[in-house]
Amino acid sequence: MRELAEELTRLTCDLIRFETIAGRPDQLQAAIDYVATYLADVPGIYLEQSSAEGKPALVVTLRPTRAPRLMLNGHLDVVVGQPHQFAPEVRDGRIYGRGGQDMKGSVAVMMRLIRDLAARPHPPDVGFQFVTDEEIGGRNGTGRLRDEGWRCEFMLCLEPTDLGILFEHKGGMWAQLRIPGRAAHGSRPWEGDNPIYRLTQGITAITERYPPPTGPHDWRTSVTPTEIRVGAGSHNQVPAEALVTFDIRWTADTTPEAIQADLQAVFPTAEFVSVMASAGLRTDPEHHEVGQIAELIERHTGQPPRFYREHFATDARYYSHIGVPAICLGPVGQGLHSAEEWVEIASLVTLYQIITSYIDTMREQ
């Protein structure tokens, strides 16, 4: 296991050095090229590179198929970080750096798995998706690959879960509204129509309709104002309009259409400038394949896994939305999107072992 841990560490550190943020398409491509180069001398595998809107992707299968039985999914893009975060550090059994936890450590596991599984006399029916736009919605990565016909019977999205099983997360929706007003001198408000009053009234009303969750276990739809733009920069002018953006995370008891209707009701004079909605992840935790994974987690860790739901979104939703069971399973770490992000090296080895064991059970079925 020492050799495996050392290589997973090296691969993770190499990947962290790429500044794979949304605004660096050159670095996104360089990271995909790094993965492809690592696999270039692996015999008998099938690689397909593609790109859309500057977001490259790589799909690898061990058999000539676009519908493997199992698909592993990982993203190489990360959120913006400081320069030092792209210089990885290894200490105390952890790898520190932007994307180590989310989720370049998991991508390293995928890379090593391809080499080892391809070396078997009879490679299993497994595919691997490497994408570069999960942090901005995944539409040109996993979503596009799905729409282009890539299918599977079961998906493991290797997002960080502390080796627990994430089987459900909320859907996402982003809505920007424009509330019209009429400009006037600030000393003569009766000559204008101040949209700030309707803005504050509307926010109060939508908050009463969708009270903010009080903690991680308060499973309800949230409609959170995240950006407000009012005025043209003059402190003595009634603004001509107000723009407000809502980050919306919806649960299965409602729909994006219903939420949009509620927003229109509390902002009756507003127009929707933009609306983008995406499905949530919903996989039956009692599904047979999920149960198999749970048993293997317990075998390798010595304790039953935590089954849980999450408030943020992952690319796994693209497949559960079309009826393919999908869960997230990933390594131990902390600092998701924070100033000090790290991933535990031992958990990367454990993740590799769990997935290898699961693939072995596929051969027995």
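Just to be sure I understand, how many residues within segment 85-101 are in contact (Cβ under 8 Å) with a residue 60 or more places away in the chain and surrounded by fewer than 24 Cβ atoms within 10 Å (Cβ to Cβ)?
Result for segment 85-101: 8.
Determine, yes or no, whether Tyr308 is under 10 Å from Leu281 (Cα atoms) and of a type in the set (Ser, Thr, Tyr).
In short, no.
Taking the condition open to solvent by 20 Å² or more (accessible area, probe 1.4 Å), out of contact with any strand residue (DSSP E or B) (no Cβ under 6 Å at 6 or more places or on another chain) and not in a loop (DSSP other than H, G, I, E, B), does Glu286 pass?
In short, no.
Mind checking which residues of segment 257-283 are buried (at least 16 other Cβ atoms within 10 Å of the Cβ) and outside any helix (DSSP H, G or I)?
Within segment 257-283, Phe267, Ala270, Val275, Ala277, Ser278, Ala279, Gly280, Leu281, Arg282, Thr283 meet the criteria.
For Pro304, all conditions in the list (1) within 28 Å of Cys13 (Cβ to Cβ); (2) in a loop (DSSP other than H, G, I, E, B); (3) touching a helix residue (DSSP H, G or I) at 6+ places or on another chain (Cβ under 6 Å) hold save one; what is the number of the exception?
Pro304 satisfies all of (1) within 28 Å of Cys13 (Cβ to Cβ); (2) in a loop (DSSP other than H, G, I, E, B); (3) touching a helix residue (DSSP H, G or I) at 6+ places or on another chain (Cβ under 6 Å) except (1).
Which of (1) among the β-branched types (Val, Ile, Thr); (2) open to solvent by 50 Å² or more (accessible area, probe 1.4 Å); (3) closer than 26 Å to Ser320 by Cα; (4) not in a strand (DSSP E or B) does Thr254 not meet, given it meets every other one?
(2)
Only one of (1) charged (D, E, K, R); (2) part of a loop (DSSP other than H, G, I, E, B); (3) open to solvent by 30 Å² or more (accessible area, probe 1.4 Å) fails for Glu298. Which number is that?
Among (1) charged (D, E, K, R); (2) part of a loop (DSSP other than H, G, I, E, B); (3) open to solvent by 30 Å² or more (accessible area, probe 1.4 Å), the lone unmet condition for Glu298 is (2).
Is there a residue being surrounded by 23 or more Cβ atoms within 10 Å (Cβ to Cβ), in contact (Cβ under 8 Å) with a residue 24 or more places away in the chain and of a type in the set (Gly, Ala, Ser) anywhere in segment 48-61?
For segment 48-61, residues surrounded by 23 or more Cβ atoms within 10 Å (Cβ to Cβ), in contact (Cβ under 8 Å) with a residue 24 or more places away in the chain and of a type in the set (Gly, Ala, Ser): present.
How do the strands (runs of 3 or more DSSP E) wholly within segment 1-81 filter down when requiring 2 or more residues that are in contact with a Pro (Cβ under 8 Å, 6 or more places away or on another chain) and closer than 16 Å to Arg146 by Cβ: which remain?
55-61
Checking the condition of a type in the set (S, T, N, Q) and without any contact (Cβ under 8 Å) to a residue 12 or more places away in the chain, which residue from Thr20, Thr37, Thr65, Thr9 passes?
Thr37
Test each condition in (1) in contact with a Gly (Cβ under 9 Å, 6 or more places away or on another chain); (2) open to solvent by 60 Å² or more (accessible area, probe 1.4 Å) for Val244 and report the one that comes out false.
Result: Val244 passes all but (2).
The values are calculated or read from the model by the stated rules, or taken from the named source; none is laboratory data. Predicted, not measured: the structure shown is a model, and the values here were computed from it. Glycine also receives a Cβ, built like all others from the backbone with ideal geometry; neighbour counts cover every protein chain displayed. These accessible areas exclude ligands, DNA and RNA; they are computed on the full protein's heavy atoms, side chains included. Shrake-Rupley method; radii C 1.70, N 1.55, O 1.52, S 1.80 Å.
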